[in-house]
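Beneath this line is the structure, given in structure tokens, with notes to follow.
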Amino acid sequence: MTDTNKTSGKKRVLSGVKPTGKAHLGNYLGAMRNHVTMQDEYDSFIFIADLHSLTTVKEPHVLRELILDIALDYLALGLNPDKTVFFRQSDVHEHAELTWILNCLTPMSMLELAHAYKDAKAKGDREINVGLFDYPVLMAVDILMYKPDIVPVGKDQKQHVEIARDLAGKFNRLYGEVFKLPKPYIPEEVAVVIGTDGQKMSKSYGNTIEIFAPEKQLKKQIMGVVTDSTPLEEPKDPLKDNVYKLYSYFATEEEKNSLAEKYRAGGFGYGDAKKLLLAKVLEHFKPFREKREELKNNMDYVHEVLRKGAEKARITASAVKKEVFEAVGLNI
Ligand code: ADP
Ligand code: TRP
């Protein structure tokens, strides 16, 4: 079978997002927004990495909800299933199958250096599962199987893309050229989006601003952004302030300058700045929130998109699986 998804002559982009929690500004600015805009220029593959979530999410009903949340989020943000092959990793069994084959080529020592495993070990976690240890190999298959030209990810995923590249090289040297060496693409300006406490925004730090949270909750998250104790009447340095930094991700140059002037003039408090930030975030996400509500009332459509996406993904996946089986000698 040939890869009939490859018709356009465009370069291919591929990325995945793990359903482990509600999407936040870091996920949006660092990943999801780029995925949506890239679909116009590239032959695009985006998938929900639900097999990866299994290393940490152990409640079936939570996992189900998180998977559908991501599907809704992406479709609401403008991912177009006619332009992007949008699917669920677990719907395409070749991901798990080829992971075994790459496992047989992967030195343990390589995975011992991978950051998720290293961090879990450093924390003294006694129940590290084999899935977590093997996480980078599954991710390598996710990437290599679709032969993308670029893989847009946040900085934290760079090591994983490099492992995929190393494994592709190793496979090709041993069995002949099958895989394309992938390149990570990390947009610098949003490489690390800060959270409400000024550290990197992350579900695991509890410092997120969730893009589709109910308005009341969003307000609470934004009002909780950590600021210093400069009194209201005194001038403030915008460049040192978290509210200003978060505002800058969305504001125009003019809006940024206007807010910076207010900070420097004094008589303008952080509470006022937070109100501006909330209004900005609400304005930015208004059309997406509306679209998401609409989609929520039409879950049959969402399931259908994922089903059709998996069908298209399988065309590529099964073609590459065949190549791999032939290369390693499993086709008799
Ligand atoms: P989290 O740290 O909240 O668990 P994930 O690891 O699920 O987030 O990240 C999903 C995607 O969003 C990845 O591509 C990741 O690099 C990106 N991302 C997550 N947090 C940020 C951030 N604070 N700044 C930029 N990108 C981020
Ligand atoms: N590990 C990635 C993350 O935590 C998700 C992911 C899984 C991924 N497979 C991928 C990203 C393949 C890019 C390509 O964000």
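The values are calculated or read from the model by the stated rules, or taken from the named source; none is laboratory data. These figures come from a predicted structure and were not determined experimentally. As a convention, Cβ positions derive from the backbone with ideal geometry for all residues, glycine included, and neighbour counts pool all protein chains shown.
Looking at Ile143, Ile163, Ile150, can you tell me which residue is out of contact with any helix residue (DSSP H, G or I) (no Cβ under 8 Å at 6 or more places or on another chain) and within 24 Å of Val13 (Cα to Cα)?
Ile150
Using the structure shown, decide if Ala114 is within 16 Å of ligand 1 (Cβ to nearest atom), buried (at least 17 other Cβ atoms within 10 Å of the Cβ) and small (Gly, Ala, Ser).
For Ala114, the condition - within 16 Å of ligand 1 (Cβ to nearest atom), buried (at least 17 other Cβ atoms within 10 Å of the Cβ) and small (Gly, Ala, Ser) - is met.
I'd like to check something: does the stretch 22-37 contain any residue that is touching a Lys or Arg at 6+ places or on another chain (Cβ under 6 Å) and either within 16 Å of ligand 1 (Cβ to nearest atom) or among the aliphatic types (A, V, I, L, M) (or both)?
No - not one qualifying residue is present in the stretch 22-37.
Looking at the stretch 18-71 only, could you name the residues that are in a helix (DSSP H, G or I), among the hydrophobic types (A, V, I, L, M, F, W, C) and over 17 Å from Leu295 (Cβ atoms)?
Scanning the stretch 18-71 gives Leu25, Leu29, Ala31, Met38, Leu51, Val62, Leu63.
Can you go through Lys158, Lys170 and tell me which one is in the same structural domain as Thr106 (by TED's automatic domain parsing), touching a residue at least 24 places away in the same chain (Cβ under 8 Å), away from ligand 1 (no atom under 15 Å from the Cβ) and basic (Lys, Arg)?
Lys170
Restricting the search to the stretch 230-250, which residues are of a type in the set (A, V, I, L, M) and under 23 Å from the mean Cα position of the chain (by Cα)?
Leu246
Give the stretch 140-153 a look and list any residue that's in contact with a strand residue (DSSP E or B) (Cβ under 7 Å, 6 or more places away or on another chain), at pLDDT 95 or above and hydrophobic (A, V, I, L, M, F, W, C), or say none.
Residue satisfying the conditions is Ile143 alone.
Can Asp82 be described as under 20 Å from the mean Cα position of the chain (by Cα) and either of a type in the set (A, V, I, L, M, F, W, C) or under 29 Å from Met38 (Cβ atoms) (or both)?
When the stated conditions are applied, Asp82 does not pass them.
For Tyr205, state whether it is without any contact (Cβ under 8 Å) to a residue 12 or more places away in the chain, under 23 Å from Pro152 (Cβ atoms) and either within 11 Å of ligand 1 (Cβ to nearest atom) or more than 22 Å from the chain's Cα centre (by Cα) (or both).
Spelling it out, Tyr205 is indeed without any contact (Cβ under 8 Å) to a residue 12 or more places away in the chain, under 23 Å from Pro152 (Cβ atoms) and either within 11 Å of ligand 1 (Cβ to nearest atom) or more than 22 Å from the chain's Cα centre (by Cα) (or both).
Here are some conditions: (1) in contact with a Ser or Thr (Cβ under 8 Å, 6 or more places away or on another chain); (2) within 14 Å of ligand 2 (Cβ to nearest atom); (3) charged (D, E, K, R). Lys83 meets all but one. Which one does it not meet?
All conditions are met except number (2).
Any chance the stretch 96-107 includes a residue that's touching a residue at least 40 places away in the same chain (Cβ under 8 Å) and under 18 Å from Val13 (Cα atoms)?
no
Would you pick out the residues in the stretch 39-55 that are in contact with a Pro (Cβ under 7 Å, 6 or more places away or on another chain) and surrounded by fewer than 24 Cβ atoms within 10 Å (Cβ to Cβ)?
Asp50, Ser53
Of all residues being out of contact with any Leu (no Cβ under 9 Å at 6 or more places or on another chain) and more than 21 Å from Leu174 (Cβ to Cβ) in the stretch 130-144, which is surrounded by the fewest Cβ atoms within 10 Å (Cβ to Cβ)? Just the residue, please.
Here the answer is Val130.
Could you tell me whether the stretch 287-300 includes any residue that is under 23 Å from Met223 (Cβ atoms) and free of Cβ contacts under 8 Å to residues at least 24 places away in the same chain?
Within the stretch 287-300, none of the residues are under 23 Å from Met223 (Cβ atoms) and free of Cβ contacts under 8 Å to residues at least 24 places away in the same chain.
Check the stretch 6-15 and report whether any residue there is modelled with pLDDT under 90, under 24 Å from Asp91 (Cα atoms), of a type outside the set (Lys, Arg) and more than 10 Å from ligand 2 (Cβ to nearest atom).
There is at least one residue in the stretch 6-15 that is modelled with pLDDT under 90, under 24 Å from Asp91 (Cα atoms), of a type outside the set (Lys, Arg) and more than 10 Å from ligand 2 (Cβ to nearest atom).
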